[in-house]
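Asks: What follows is a single structure, and I will ask about it in a moment.
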Amino acid sequence: MTALSGVKDRIAAGERGETRIADRVVAKIAAQAAKEAIDEPPEQGAPPRATVTVHRDTARVRVSLELGYPCDIGRQCGGVRRHVAERVRALAGMEVPEVAVQVERLHPTGASAAAQGRIQ
């Protein structure tokens, strides 16, 4: 058998099988993407967490996160949705029709934390 006949005997890429990416791997990608998308993460806040349901080449994502206060919550959540969908699509090759963002807690930041300390 020569080197050329070995190439001819190979199975075409599309006929070899498929690659499956575990839900937990996609969830880690989504959590990291959410962390990247937050403008100013709170110092004492927990890192974002994500759960994912994968069906074929589609991932539905739910992200839970904590934000600094005050902030534009709607803008932050929109940015997280877009970035998570983009990163999961790019890294896992999956369509992401839905990214639900749940804000678990708001943490006072900087001047607002100092003002709260004086008021109480």
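Asks: In region 90-102, how many are surrounded by fewer than 16 Cβ atoms within 10 Å (Cβ to Cβ) and touching a strand residue (DSSP E or B) at 6+ places or on another chain (Cβ under 6 Å)?
Replies: Residues flagged as surrounded by fewer than 16 Cβ atoms within 10 Å (Cβ to Cβ) and touching a strand residue (DSSP E or B) at 6+ places or on another chain (Cβ under 6 Å) within region 90-102 amount to 4.
Asks: Can we say ARG75 is under 15 Å from the mean Cα position of the chain (by Cα), open to solvent by 90 Å² or more (accessible area, probe 1.4 Å) and modelled with pLDDT of 95 or more? Give the steps one after another, and end with the answer.
Replies: Values: under 15 Å from the mean Cα position of the chain (by Cα): no; open to solvent by 90 Å² or more (accessible area, probe 1.4 Å): yes; modelled with pLDDT of 95 or more: yes.
No; evaluated as a whole, the condition is false for this residue.
Asks: Can you pull out every residue in region 22-34 that is surrounded by fewer than 16 Cβ atoms within 10 Å (Cβ to Cβ) and of a type outside the set (Asp, Glu)?
Replies: If the condition is that a residue be surrounded by fewer than 16 Cβ atoms within 10 Å (Cβ to Cβ) and of a type outside the set (Asp, Glu), then ALA22, ARG24, VAL25, LYS28 are the ones that fit.
The values are calculated or read from the model by the stated rules, or taken from the named source; none is laboratory data. Predicted model only: the values in this text are computed from it and were never measured. In this analysis, Cβ positions are derived from the backbone assuming ideal geometry, glycine residues included, and neighbour counts consider all displayed protein chains. Each accessible area value is taken on the protein alone, full model and side chains, heavy atoms only, with ligands, DNA and RNA left out. Shrake-Rupley method; radii C 1.70, N 1.55, O 1.52, S 1.80 Å.
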